[in-house]
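The values are calculated or read from the model by the stated rules, or taken from the named source; none is laboratory data. Values in this document were obtained by computation on a predicted structure and should not be read as measured data. Here the Cβ positions follow ideal geometry from the backbone for every residue, glycine too, while neighbour counts run over all protein chains shown. Heavy atoms of the whole protein, side chains included, go into the accessibility calculation; ligands, DNA and RNA do not. Shrake-Rupley method; radii C 1.70, N 1.55, O 1.52, S 1.80 Å.
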Amino acid sequence: MVGDVIESTHFTTIFHIINMNFKNIRTGKATHIWMDGEGDIPVDDAQIRSLTRALVKYKNKSVKFLGFSNQRIGDEGLRDISRVLKVNKGVQYMNLYCNRFGQDGLKALAAALAVNTCLLNLDLSGNRGFSTSTLVALGKALSSNHCLEVLELAHCGLADEDLCHLTEGLARNQSLLTLDLSRNYIRGNGSHALGNMLMCNTSLSTLNLQSTILGDNGVIELAKGLGSNRGLCELTLCGASFGDIAVCALGKALKLNKTLKTLNMTHDLLLNFDRLDAEEDEFCVLGFPGMEGLCDGLLHNTTLHTLNLSGIYFSDTAWDKLSESVGMLTGLTDLFLNETRPTKAALVAMFRGLAKKPFGSVRELHLQNCHLDCEKVFEVGGYLQDSCLELLNVSNNMLCDRGGCLIAGTLTSNTNLRQLDMSKNCVGDATLFEIAKALRVNTSLQTLFLQDNPFQWTCLNAMGSALGVNSTLKHLDVNTILPQPSDALALTSGLRENKGLEMLDLSLNTLSDTGVVNFASVLQANRSLNFLHIRGDPSLHALRALKDAVFQNPCIENFKVKHAEDTYHDFSTMQLELLRDVQRLCVRNRKIYRSPWSHFKSVNPPWYTIERARMASLVLRRKNMPKEIIDLIFTFVENKQRVPPELKYVQFI
């Protein structure tokens, strides 16, 4: 379940309510009633009837959330739920994802929505029982509803005619903020109806049309409404194939639109496999006319902050147009060009524009999986040094040490870059040495991702002296498979002196027993680290040193030791006991504790940790957790048995 943390005595599930004769509903203790059919006891119409009768009988106002996803609820069950919505003044969130009800139940639900005054969020995704008559009824209900803020209708088999009836009501609605119509069959007529709705509706802020079949005509019709819309902030068009003429229409709309902040036009073949007309070899190509129209719109627009063009194939002339425009933009800050494969000339022109003063507005550039090699990157080094970028993502490319060293060298003089991601490339020891040298003088970089690169321990240890001097880097991820154990002496020496690093992930880099002891000494001296993952097969002596270090360190909140052989069960019983002691000490420093059931089930049940950890909140994942264990935990919490007084909230997700 996703939601805010809820009070321990206020959470229940359907079988607890039934077994306790609706005690929690009668006393007003239950705030969330949730049951996922994939992992728990199935719920049918008979159980829904018992529940809804109790909610009405006891005039319950405490239940805020009703969740019955992947269940067996039919028309009768949905009619019972609809009766509750007509009279109940408490339920605000309802999840009915993927059930078995049809048009009769949906009509009853629409009638309830017309008079309901408290429901804020309704998820009907995955239900295929919609018909023309149900959409007419739902449209009429939405025209008079003044409280619903989120409506999810993804993968419901909706077609153009259905959407026309729905949008008639949405045009008059003034409360709905988010509408999800992804994975439906929306063509020209449906998008025309959506465009007309956008002309009239001023409340809708998020519209999701991912994996629809809009095509050029559909996007053009939608753009007509977008130009005059005064409320939409986020529009998702992922997987909707379109060409130059459609992108030109979007560019014209951006000239007029004054509210849109995020436009996602990602083209991913995987997204299109759900579509009716998708073919395996289908791809989206954008030429010069389309890019010219889009850039013209961006140059006149000052509100759009995020543009995602990932997965679209640009012609060379289109790349040239984008590259010359990117440095002149005055509103756009985040540009995603993942999987677009820019040419060398386009890359040079783009970084030249980003380094030209006065700086434009673009601050984040994502070039993940763009087939960047050292030849392409080598040409932009001089411009990157003076770039205005604050985030650069070049992960999952083909960079080697030549390109990596060039990027690392720019860090010595660049004062703008805050986050650099070079993970999943082929940069090696030479690049890491250059980065270590740059970190000694760099005062701006805060986050550095270098995982899945062929480094050696000698180079990682070279980072230690740099970390001893650097005080601005907050997050360092250098995960790379190094099976040869190391004592990490130089690295830990620098970490003892470091005053700024908060997160360090070394969970693929194997440590020797001495290395684990060295990290224990780091935790005794360092007070900035709160997240540390390491790997090894530590002895009991090393684990006791870790336990003592964590006991003395009030800052560390997330500490894990991964076994050198990648299996949790390779730890001995004594090792596991000491590791649990370390985990409980980390829990002491947290406000919220999250743990999967698999963390407990092999040795001790969850209350073993609950009982000993002085935590304010507990969050447990209920996936694969046996029903009898859930019952036992609820019994303890309800009766305040073996529960520390500090524990105020508990949540299952």
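Name every residue in region 465-489 that is open to solvent by 20 Å² or more (accessible area, probe 1.4 Å) and within 19 Å of residue 441 (Cβ to Cβ), in order of residue number. Answer for region 465-489, where residues must be open to solvent by 20 Å² or more (accessible area, probe 1.4 Å) and within 19 Å of residue 441 (Cβ to Cβ): 465, 468, 469, 471, 472, 474.
Since residue 104 meets every condition but one in (1) within 26 Å of residue 185 (Cβ to Cβ); (2) over 31 Å from the mean Cα position of the chain (by Cα); (3) assigned to a loop (DSSP other than H, G, I, E, B); (4) not hydrophobic (A, V, I, L, M, F, W, C), which condition does it not meet? Going through the list (1) within 26 Å of residue 185 (Cβ to Cβ); (2) over 31 Å from the mean Cα position of the chain (by Cα); (3) assigned to a loop (DSSP other than H, G, I, E, B); (4) not hydrophobic (A, V, I, L, M, F, W, C), residue 104 breaks only (3). A Cβ distance below 6 Å, combined with a sequence gap of six or more or placement on separate chains, defines the contacts here; from region 248-267, residues that are touching a residue at least 24 places away in the same chain (Cβ under 8 Å) reach residues that are among the acidic types (Asp, Glu) in the pairs 251/296; 262/234. Count of region 368-389 residues, restricted to those that are in contact with a helix residue (DSSP H, G or I) (Cβ under 6 Å, 6 or more places away or on another chain), of a type outside the set (Phe, Trp, Tyr) and assigned to a helix (DSSP H, G or I), is 6. Residues of region 254-267 include at least one that is assigned to a strand (DSSP E or B) and surrounded by fewer than 23 Cβ atoms within 10 Å (Cβ to Cβ).
So which residues in region 325-347 are open to solvent by 20 Å² or more (accessible area, probe 1.4 Å), closer than 21 Å to residue 395 by Cα and outside any strand (DSSP E or B)? Talk me through it step by step, then tell me what you get.
Of the residues in region 325-347, the ones open to solvent by 20 Å² or more (accessible area, probe 1.4 Å) are 328, 330, 333-334, 336, 338-339, 341, 343-345.
Pick out the ones that are also closer than 21 Å to residue 395 by Cα and you get 333-334, 336, 338-339, 341, 343-345.
Those that are open to solvent by 20 Å² or more (accessible area, probe 1.4 Å), closer than 21 Å to residue 395 by Cα and outside any strand (DSSP E or B): 333, 338, 339, 341, 343, 344, 345.
Suppose we filter region 121-150 for residues that are assigned to a loop (DSSP other than H, G, I, E, B) and either open to solvent by 40 Å² or more (accessible area, probe 1.4 Å) or of a type in the set (Val, Ile, Thr) (or both); how many remain? Count: 3.
Which residue is nearest to residue 239 (Cα to Cα), if the candidates are limited to region 181-201 and must be assigned to a helix (DSSP H, G or I) and among the polar types (S, T, N, Q)? It would help to see each step written out before you state the result.
Filtering region 181-201 for residues assigned to a helix (DSSP H, G or I) gives 188-200.
Narrowing further to those that are among the polar types (S, T, N, Q): 189, 191, 196.
Numbers: 189: 18, 191: 15, 196: 22 Å.
Result: 191.
Could you please let me know if residue 493 is free of Cβ contacts under 8 Å to residues at least 60 places away in the same chain and touching a Leu at 6+ places or on another chain (Cβ under 8 Å)?
Numbers: free of Cβ contacts under 8 Å to residues at least 60 places away in the same chain: yes; touching a Leu at 6+ places or on another chain (Cβ under 8 Å): no.
So residue 493 does not fit the description; no.
Being closer than 30 Å to residue 206 by Cα and part of a helix (DSSP H, G or I) holds for only one residue in 322, 406, 365, and it is 322.
Residues of region 458-510 that are within 21 Å of residue 412 (Cα to Cα), over 30 Å from the mean Cα position of the chain (by Cα) and hydroxyl-bearing (Ser, Thr, Tyr): 465 alone. Of the residues that make up region 184-191, is at least one open to solvent by less than 10 Å² (accessible area, probe 1.4 Å), within 25 Å of residue 259 (Cα to Cα) and among the β-branched types (Val, Ile, Thr)? Yes, region 184-191 contains a residue that is open to solvent by less than 10 Å² (accessible area, probe 1.4 Å), within 25 Å of residue 259 (Cα to Cα) and among the β-branched types (Val, Ile, Thr). None of 208, 196, 229, 201 is at pLDDT 90 or above, surrounded by fewer than 23 Cβ atoms within 10 Å (Cβ to Cβ) and within 29 Å of the chain's Cα centre (by Cα) except 208.
For region 450-464, filtering for residues that are open to solvent by less than 40 Å² (accessible area, probe 1.4 Å) and not in a loop (DSSP other than H, G, I, E, B) leaves 7. Count of region 297-314 residues, restricted to those that are in contact with a helix residue (DSSP H, G or I) (Cβ under 6 Å, 6 or more places away or on another chain) and either in a loop (DSSP other than H, G, I, E, B) or open to solvent by 10 Å² or more (accessible area, probe 1.4 Å) (or both), is 2. Taken residue by residue, region 423-433 has no member that is closer than 18 Å to residue 532 by Cα and either in contact (Cβ under 8 Å) with a residue 40 or more places away in the chain or open to solvent by less than 20 Å² (accessible area, probe 1.4 Å) (or both).
Across region 524-538, the number of residues qualifying as open to solvent by less than 40 Å² (accessible area, probe 1.4 Å) and over 14 Å from residue 502 (Cα atoms) comes to 4.
Hey, does region 354-374 have a residue that's more than 28 Å from residue 439 (Cα to Cα), hydroxyl-bearing (Ser, Thr, Tyr) and modelled with pLDDT under 90? First the steps, then the outcome.
Of region 354-374, the ones more than 28 Å from residue 439 (Cα to Cα) are none.
No, every residue in region 354-374 fails to be more than 28 Å from residue 439 (Cα to Cα), hydroxyl-bearing (Ser, Thr, Tyr) and modelled with pLDDT under 90.
Residue 210 meets the conditions (1) more than 24 Å from residue 288 (Cα to Cα); (2) assigned to a helix (DSSP H, G or I); (3) in contact (Cβ under 8 Å) with a residue 40 or more places away in the chain; (4) not aromatic (Phe, Trp, Tyr) in every case but one. The failed one is (2). Within region 213-246, the residues that satisfy the criterion of being in contact with a Ser or Thr (Cβ under 9 Å, 6 or more places away or on another chain) and part of a loop (DSSP other than H, G, I, E, B) are 213, 214, 229, 230, 231, 232, 233, 237, 238, 239, 240.
Picking from residues in region 352-387 that are under 22 Å from residue 312 (Cβ atoms) and of a type in the set (A, V, I, L, M), the one that is surrounded by the most Cβ atoms within 10 Å (Cβ to Cβ) is 367.
How many of the residues making up region 527-556 are part of a strand (DSSP E or B) and of a type in the set (D, E, K, R)?
Just the residues of region 527-556 that are part of a strand (DSSP E or B), to begin with: 531-536.
Then keep just the ones that are of a type in the set (D, E, K, R); that gives 535.
So the count comes out to 1.
All conditions but one from (1) in a helix (DSSP H, G or I); (2) buried (at least 16 other Cβ atoms within 10 Å of the Cβ) apply to residue 506; the one that does not is (1).
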